[in-house]
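To start, the structure under review is shown below, and the notes come after it.
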Amino acid sequence: MAEISAKLVKELREKTGAGMMDCKKALTESDGDMEKAVEWLRQKGIASASKKEGRVAAEGLVGSYIHTGGRVGVLVEINCETDFVARHEDFQALVRDVAMQVAACPNVEYVKVSDIPADIIAREKEIEMGRDDLGNKPENIREKIVMGRIDKRLKELSLLDQPFIKDQNVTVGELVQQMIAKLGENIQVRRFSRFVLGEGIEKEETNFAEEVAAQAGLK
């Protein structure tokens, strides 16, 4: 596999307007071939979508999903630029799918990695630096291993980095990018809330066997 240099990533980014990580992924998937990488980005809808990300998105929908049995519920707000797109069936389907995704990912707490507070990142780094398996490794190697683990952990907390539940080959972020390219407007997942039945309530623990015995007059 060809080595993907920073210069090559920069060149692709300037040519397409796509983000750095998307460009690196495109080049990796295309074995360093610039034209194939451009084509890959276009197929994913990323190249055209990235150019729209700076535009104001203040319309949209608040969507909901209630899981079977009514024990988990989700509210999600997704923004677009116009009310016209907000009424589009594809946009509405996206809102439903993202709400369902949140319900299916109980560990997800933030929309994207950049939303994660610095103190959470620092705590994760402290935990990883203290792991026993790093004790005998040189400092520079230990730092690389820790950063790799932290990056993985932060993505586990990020909604946009989750594999889409209906197609594991794309992330939720890539799904949104594809919809931007399809509908021609900036689309942003703004926020979400997950409700789990009974969450946070201290439940009184009872010994069922003792309770039955007491009712039977055995105790």
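The values are calculated or read from the model by the stated rules, or taken from the named source; none is laboratory data. Please read these numbers as outputs of a predicted model, since none were measured by experiment. Ideal geometry is used to build each Cβ from the backbone, glycine not excepted, and the neighbour counts take in all protein chains shown.
Cβ-Cβ below 6 Å, separation at least six or inter-chain, first residue in the stretch 112-133 and over 10 Å from V146 (Cα atoms) and of a type in the set (K, R), second modelled with pLDDT of 90 or more and surrounded by 13 or more Cβ atoms within 10 Å (Cβ to Cβ): which pairs?
Within 6 Å, the pairs are K112/S158; K112/L160.
Tally time: how many residues in the stretch 54-102 are more than 17 Å from the chain's Cα centre (by Cα) and touching a residue at least 60 places away in the same chain (Cβ under 8 Å)?
16
I'd like the full set of residues that are at pLDDT 85 or above and either more than 27 Å from H88 (Cα to Cα) or aromatic (F, W, Y) (or both), limited to the stretch 175-209.
F192, F195, V196, L197, G198, E199, I201
Please identify the pairs in which a residue from the stretch 183-205 that is over 12 Å from V74 (Cβ atoms) has its Cβ atom under 8 Å from the Cβ atom of a residue that is exposed (fewer than 13 other Cβ atoms within 10 Å of the Cβ) and hydrophobic (A, V, I, L, M, F, W, C), counting only partners at least 6 apart or on another chain.
N186/V56
Would it be correct to say that A18 is modelled with pLDDT under 80 and either among the aromatic types (F, W, Y) or assigned to a loop (DSSP other than H, G, I, E, B) (or both)?
Spelling it out, A18 is indeed modelled with pLDDT under 80 and either among the aromatic types (F, W, Y) or assigned to a loop (DSSP other than H, G, I, E, B) (or both).
Go through the stretch 52-82 and count every residue that is touching a Leu at 6+ places or on another chain (Cβ under 6 Å) and among the polar types (S, T, N, Q).
So the count comes out to 1.
Keeping to the stretch 44-65, report how many residues are assigned to a loop (DSSP other than H, G, I, E, B) and at pLDDT 70 or above.
4
Mind listing whichever residues of the stretch 147-171 are among the acidic types (D, E) and in contact with a helix residue (DSSP H, G or I) (Cβ under 7 Å, 6 or more places away or on another chain)?
D161
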